[in-house]
Amino acid sequence: MKKINSVSIVCLMVTMLVFGNEVMMASATCKAVSLSSCLPAIQKGRAPPLACCTHLKLQQGCLCQYVKHPSLGKYVNSPNAKKIASTCGIPIPKC
């Protein structure tokens, strides 16, 4: 259960950071679990792997939804999530 919550949190953070401009992509499907590759970067402040940045970009339209989620919002707004967004070249959303 704890591992699933961490993955969801990471996914939400990454999504929020990637799609800060609130532009929704037609093909975007909001699935926080797809951001699981970002978990080590969010939890430990490590550099995000390419897969993390790729999934963040695909989930960009979902970031504000993740920010507003009661369980995921605090992770998406964390300092490490902001570092990930910067590293991946994704603007921080203003929701």
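Is there any pair linking a residue in the stretch 50-66 that is under 14 Å from ILE92 (Cβ atoms) to one that is among the acidic types (Asp, Glu) and surrounded by fewer than 20 Cβ atoms within 10 Å (Cβ to Cβ), with Cβ under 6 Å and at least six apart or on different chains, and which? Matching pairs, first to second residue: CYS64/GLU22. Just one of the listed residues (SER27, SER34) is touching a helix residue (DSSP H, G or I) at 6+ places or on another chain (Cβ under 6 Å), among the polar types (S, T, N, Q) and either at pLDDT 80 or above or surrounded by fewer than 22 Cβ atoms within 10 Å (Cβ to Cβ) (or both), namely SER34.
The values are calculated or read from the model by the stated rules, or taken from the named source; none is laboratory data. Remember, it's a predicted structure, so these values are computed and weren't measured experimentally. Positions of Cβ are generated from backbone atoms using ideal geometry, with glycine treated the same way; all protein chains shown enter the neighbour counts.
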